[in-house]
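The values are calculated or read from the model by the stated rules, or taken from the named source; none is laboratory data. Computed from a prediction, not measured in an experiment: that's the story for all the values here. All Cβ positions, even for glycine, are placed from backbone atoms using ideal geometry, and neighbour counts span all protein chains on display. Only protein heavy atoms, including side chains, enter the accessible area calculation; ligands, DNA and RNA are left aside. Shrake-Rupley method; radii C 1.70, N 1.55, O 1.52, S 1.80 Å.
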Amino acid sequence: MTHHHSPLLPATPRLDRVLPAVATSLGVPGLTKGGDRPLRPARRAVVVLVDGLGAQLLARRGGHAPFLRQLLQDADAARTIDCGFPSTTATSMGTFGTGTLAGAHGLVGYEAYDPDTDSVFNELSWEDGPAPRRWQPAPTVFEAAVEAGVGVTRIGPGFFDGSGLTEAALRGGSFVAASSLAQRVDATLRAVRAQPRGLVYLYWGDIDKVGHVHGCDSHEWVAELESVDAELARLASSLPRDTALHITADHGMVDVPLEARPDIATDAHLDAGVRHVSGEPRCVQLHVRPGARDDVVDTWRARLGEDALVVTTEEAIEAGWFGTVSASVRPRIGDVIAAMTGPVAVVDSRRHRPELRSLLGVHGSITPDEVAVPWLVLSPQEQ
């Protein structure tokens with residue numbers, strides 16, 4: 001039955017392997033798992049995460065990104081990996097930062113249900129959210145690297161420093177704020193040169209922003225890709241010879257027409273039996289009233305048809321969508337999950353601001369356009 005099949009490609013490495021593999025290449029002990037990508041040992045490494053740069057988008061638009069295209073064409077440098085589930089920034093940052101999947105780190109969606117308060121909060125803004133270190137108590141890969149004597153510098157927008165999501169998923173080392181990508185590349189180069197043994201993480205978010213607002217098929221998206229490619233080429237050519245460069249992403253994106261977005265708030269059938277809505281428009285998690293689950297599943301399957309996989313928590317967990325799910329994380333996951341496979345999204349205007357509902361590019365679900373991300377590696381030239 002199609003409702004049980006796992007969307008995640010078998011044997012595809014996932015985003016949870018990137019930082020542990022990089023840290024291991026720098027000599028940090030105890031992080032390897034089976035199936036790691038063997039990396040050449042390095043004294044220093046830079047990891048760039050380009051928010052929203054899906055592997056399929058990059059493959060389609062590679063003509064506008066000569067530096068990235070060159071890496072894509074090198075079998076040793078390029079891998080396509082799976083960002084994990086759901087394909088959304090908050091979850092992927094947990095996966096990337098802790099080296100575990102959502103079932104372990106517990107950042108289970110753009111919006112997440114907190115069983116302690118019986119309420120939903122946004123894991124990106126973290127407004128009225130729980131204490132970040134209680135929500136995600138496991139040590140991060142950055143913390144493990146610092147513990148092993150590797151200097152860690154994280155570079156991004158100033159408001160990330162000390163934010164809920166950063167504290168939950170990406171804590172460890174020092175933070176340097178810089179605004180434009182050119183400034184972040186300059187800060188990265190300074191941080192690399194300041195450390196004889198170091199790990200520098202650079203985050204860039206504008207490909208995702210432009211894709212959300214204008215769509216990922218827009219000329220604005222292509223223009224942003226061109227400028228990112230040029231700065232990454234400058235970064236690569238300026239790094240010391242003993243430094244590895246890794247480029248990856250947290251998810252891809254699809255464009256969904258605004259008219260193909262049913263609203264739970266104004267649709268009594270979709271709302272029936274539902275207590276709380278979490279997740280995101282491409283991957284809705286429904287927390288249902290006692291005894292309502294089967295009716296909710298039937299209603300949503302009938303309503304969305306071929307455009308979604310509607311499954312129970314048990315089915316999603318059994319299919320491995322969240323990886324191994326810990327007892328503390330399980331109550332955060334919706335009783336029913338609707339993962340969109342067609343060009344639709346389901347909004348809830350009681351929770352989703354008009355700005356969110358008007359975004360053309362969306363992600364969160366299980367399609368290859370949303371899940372597949374690049375992991376591009378420029379190995380160090382010498383030790």
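Quick look at the values:
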| read-out | value |
| --- | --- |
| Dipole of the chain [Lys/Arg +1, Asp/Glu -1 at C-beta], most positive-end residue of P139, G62, L270 | P139 |
| Residue order for D118, D217, D348, D267 - accessible surface, 1.4 angstrom probe, largest first | D217, D118, D267, D348 |
| Point-charge dipole on Cβ atoms (K/R +1, D/E -1) for the chain, about Cα centre, debye to 20 | 1320 |
| Heavy-atom accessible surface of segment 125-239: percent carbon and sulfur, 1.4 Å | 54 |
| Cα-derived Rg to Rh of segment 72-215, Kirkwood definition | 0.98 |
| Computed accessible area, H214, all protein chains, 1.4 angstrom probe, square angstrom | 80 |
| Linear extension gain, T324 paired with Q381, 0.36 nm per residue minus alpha-carbon span | 16.7 nm |
| GNM top mover of I247, I317, I81 - the chain, alpha-carbon springs below 10 Å | I317 |
| Charge dipole magnitude, Cβ of K and R +1, D and E -1 - segment 258-359, Cα centre, debye nearest 20 | 420 |
| MRE, 222 nm, helices only [DSSP H, n ≥ 4, -39500 (n - 2.57), over the chain, to nearest 500] | -9000 deg cm²/dmol |
| Förster radius 30 Å - calculated FRET efficiency between A148 and R234, Cβ distance, rounded to 0.05 | 0.50 |
| 10 Å Cβ shell holding at most 11 others, DSSP loop, trypsin sites (Lys or Arg not before Pro): longest site-free stretch of the chain | 1-240 |
| Scattering profile of segment 253-373 at q = 0.13, 0.14, 0.18 Å⁻¹ [log10 I(q)/I(0), Debye over alpha-carbon scatterers] | -0.48, -0.56, -0.94 |
| Fully extended contour minus Cα-Cα distance, from R190 to A272, at 0.36 nm per residue | 23.9 nm |
| Listed candidates (1) 22.3; (2) 20.7; (3) 17.3 - label of the one calculated as mean projected area of the Cα convex hull in nm² | (3) |
| Per-residue ³J(HN,Hα) for segment 12-29, Karplus 6.51 cos²θ - 1.76 cosθ + 1.60, θ = phi - 60°, Hz, x for Gly and Pro | 7, x, 10, 4, 5, 8, 5, 5, x, 5, 5, 4, 4, 5, 8, x, 6, x |
